[in-house]
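S.K.: Questions regarding the structure given below will be posed in turn.
The values are calculated or read from the model by the stated rules, or taken from the named source; none is laboratory data. In this text the structure is predicted, and so the values were computed from the model without any measurement. Backbone-built Cβ (ideal geometry, glycine too); neighbour counts: all protein chains shown. For accessibility, only protein heavy atoms count, side chains too; no ligands or nucleic acids. Shrake-Rupley method; radii C 1.70, N 1.55, O 1.52, S 1.80 Å.
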Amino acid sequence: MYASSFSQPALATGGSYAWGSCNWENTNYLPDGDIELRAHSYPGDGWGDGVKNSFNDRITAAINRMDGYLSQAGYVIPYAFYRIPDGAVGEDILVQQANLLPHWWGLSSTYSLNGWSACRMHDAADEPVIWSKVETAFYDHWFTQDDSRRSLWESCQANNFLPIYTCNKKQDFESILMHEFGHALQLWHPQWVDAHQPGLSPDAAAIAACSSPTDRATMCENVAQEYRSSGRTLHAWDRESLRVLETKH
């Protein structure tokens with residue numbers, strides 16, 4: 001899900017990928033590109049089926065994954081996506097739990113700051129121009145185990161929902177975080193790209209495989225699936241959308 005306090009641009013410049021006329025930075029301003037994230041109010045680590053269940057670890061893992069994608073060769077600005085301690089100030093993105101509407105697993109809300117264009121991440125002094133709040137639902141059944149447990153968890157339905165503790169978890173927390181981080185970086189759902197650019201062939205939703213049960217793009221509107229964690233890894237559509245958006249100078 002995605003909400004914004006500024007109107008979206010009406011010009012399509014990314015084809016079937018990142019839709020909109022925005023670029024992350026104006027060519028006149030090339031700050032260091034750091035994107036600081038602060039996580040607040042998540043429960044502490046727990047144990048079940050003999051393994052660690054950790055919101056904190058999944059937040060850190062999602063940040064590291066996104067940082068890796070943003071630092072790939074070919075990007076004009078080598079963005080660093082990293083975490084600052086809770087209680088610190090000046091974050092670009094705040095992540096916290098919230099009471100959301102039923103079946104809303106996450107929400108990203110973006111606000112324009114300092115009177116600058118919301119198309120820019122930072123101004124000439126490297127101060128934030130947009131600020132985003134990523135919220136995830138209070139939910140008792142988040143899957144928060146590490147990658148080594150994904151295959152077991154995704155097989156729960158085939159294995160009569162055993163082991164019980166792990167299989168009682170139905171939605172992958174890290175996949176939802178990656179989706180909402182994409183929104184905070186100004187990516188839209190592929191379906192929204194198509195809605196604003198009718199007639200694309202192939203259309204964004206097709207390239208992003210949004211109808212695939214196992215390999216759809218992280219930014220697909222319907223990424224939240226029970227016992228599926230593929231959203232932890234960005235699809236080719238997601239990666240190309242980041243590249244297109246970042247290189248719009």
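S.K.: For the stretch 148-163, give me each residue that is more than 19 Å from D215 (Cβ to Cβ) and without any contact (Cβ under 8 Å) to a residue 12 or more places away in the chain.
M.R.: Hits for the stretch 148-163 are S148, N159, N160, F161, L162.
S.K.: Specify which of the listed residues (D215, D146, D194) is acidic (D, E) and open to solvent by less than 60 Å² (accessible area, probe 1.4 Å).
M.R.: From the options D215, D146, D194, the qualifying one is D194.
S.K.: Okay, next question. Those residues that are open to solvent by 50 Å² or more (accessible area, probe 1.4 Å) and not basic (K, R), I need them from the stretch 218-234; list them, please.
M.R.: Passing the criteria: E221, N222, E226, T233.
S.K.: Ok, one more. Sort through D86, D67 and tell me the only one that's at pLDDT 55 or above, of a type outside the set (S, T, Y) and open to solvent by 70 Å² or more (accessible area, probe 1.4 Å).
M.R.: Criteria check complete, one pass: D86.
S.K.: Considering each residue of the stretch 191-227, count those that are over 16 Å from the mean Cα position of the chain (by Cα) and under 20 Å from I59 (Cα atoms), and give that number.
M.R.: 2
S.K.: If only one of A80, A61, A39 is open to solvent by less than 70 Å² (accessible area, probe 1.4 Å), more than 19 Å from Q145 (Cα to Cα) and either under 15 Å from the mean Cα position of the chain (by Cα) or at pLDDT 65 or above (or both), which one is it?
M.R.: Sole residue among the options that is open to solvent by less than 70 Å² (accessible area, probe 1.4 Å), more than 19 Å from Q145 (Cα to Cα) and either under 15 Å from the mean Cα position of the chain (by Cα) or at pLDDT 65 or above (or both): A80.
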